[in-house]
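The values are calculated or read from the model by the stated rules, or taken from the named source; none is laboratory data. The structure displayed is predicted, hence computed values, not measured ones. SASA here: full protein model, heavy atoms, side chains in, ligands and nucleic acids out. Shrake-Rupley method; radii C 1.70, N 1.55, O 1.52, S 1.80 Å.
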Amino acid sequence: YAGNGIRDITGGIDAARICADPAQLDDLVADHAPRRVMAAIRDAMLGIGPSRFGLPLVGRDGIIRWAMLHVAAPQTLANGDRVADVLAIDVSDLHRTEEELRAAQVTAEQANAAKSMFLANMSHELRTPMTGVLGMLDLLNASPLNDKQQRWVTAMRRSAGGLMTLLDDILDLSKI
């Protein structure tokens, strides 16, 4: 038995044709798929493969749809044949969303790497002149200054030291 929904997944093959020859599903499996439908169903029935798996199917209309198949526990008929119900669901939208999320994740990781590189470069670019400012303040501090000038140099030295600490923290953060 195949429900009418099979027509949507196969791009137009009606249920009666699938029931008459289920092996034709193998012809729909996209070339890059790791296995064929009937072999995967057989393996699931034998317990040597997963009971739930997805496959890309190229429909008769040429559109690739991702089908999630779930093979129920097989039953043995009175004549010895083994049968199992197979549920097929079109998960193309889900697959497309997953692909979009993977692409978005790659883009986000690249943006994060660029941000970290920018922070590291800017930190180094700012540290060089700040080191010069601190050095010049040390030289100025070592020269003869009146009390007022000494307080100004001390305040500038403290502020410049605080900026250098901030730059070091930014550099450390970008390394993490």
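Amide H contacts for residue 66 (H built 1.01 Å from N in the peptide plane; partners 5 or more residues away or on another chain; cut-off under 5 Å): 57, 91, 92. Between the entries (1) 1.53; (2) 0.94; (3) 0.97, the label attached to Rg/Rh (Cα atoms, Kirkwood Rh) calculated for this structure is (1).
Backbone geometry of the range 49-54 corresponds, through the Karplus equation with coefficients 6.51, -1.76 and 1.60 at θ = phi - 60°, to 3J(HN,Hα) couplings of x, x, 7, 9, 7, x Hz, x marking Gly and Pro. Taking amide H positions as modeled 1.01 Å from N, with prolines and chain starts lacking one, the residues under 5 Å from residue 49 and 5 or more places away or on another chain are 44. Taking the chain as a Gaussian network of alpha-carbon nodes connected by springs under 10 Å, the highest mean-square fluctuation of the residues 140, 25, 94 belongs to 140. Our helix-only sum for the chain, with -39,500 (n - 2.57) per DSSP H run of n ≥ 4 divided by its residues, gives a mean residue ellipticity at 222 nm of -20000 deg cm²/dmol.
A simple rule links phi to the HN-Hα coupling: the Karplus curve 6.51 cos²θ - 1.76 cosθ + 1.60 with θ = phi - 60°, which for the range 139-156 gives 5, 4, 5, 7, 8, x, 10, 7, 4, 5, 5, 4, 5, 5, 5, 5, 5, 5 Hz, with x for Gly and Pro. Within the assembled protein chains, the solvent-accessible surface assigned to residue 109 is about 100 Å², based on a 1.4 Å probe. Which of 108, 16, 155 moves the most in a Gaussian network model of the chain with Cα springs under 10 Å? Most flexible of the set in this elastic network: 155. With a 10 Å cut-off between alpha carbons and a GNM built on the chain, which of 62, 49, 135 moves the most? Per the Cα network of the chain with a 10 Å cutoff, 135 tops the list. These residues, 156, 164, go from largest to smallest accessible area, 1.4 Å probe, as 156, 164.
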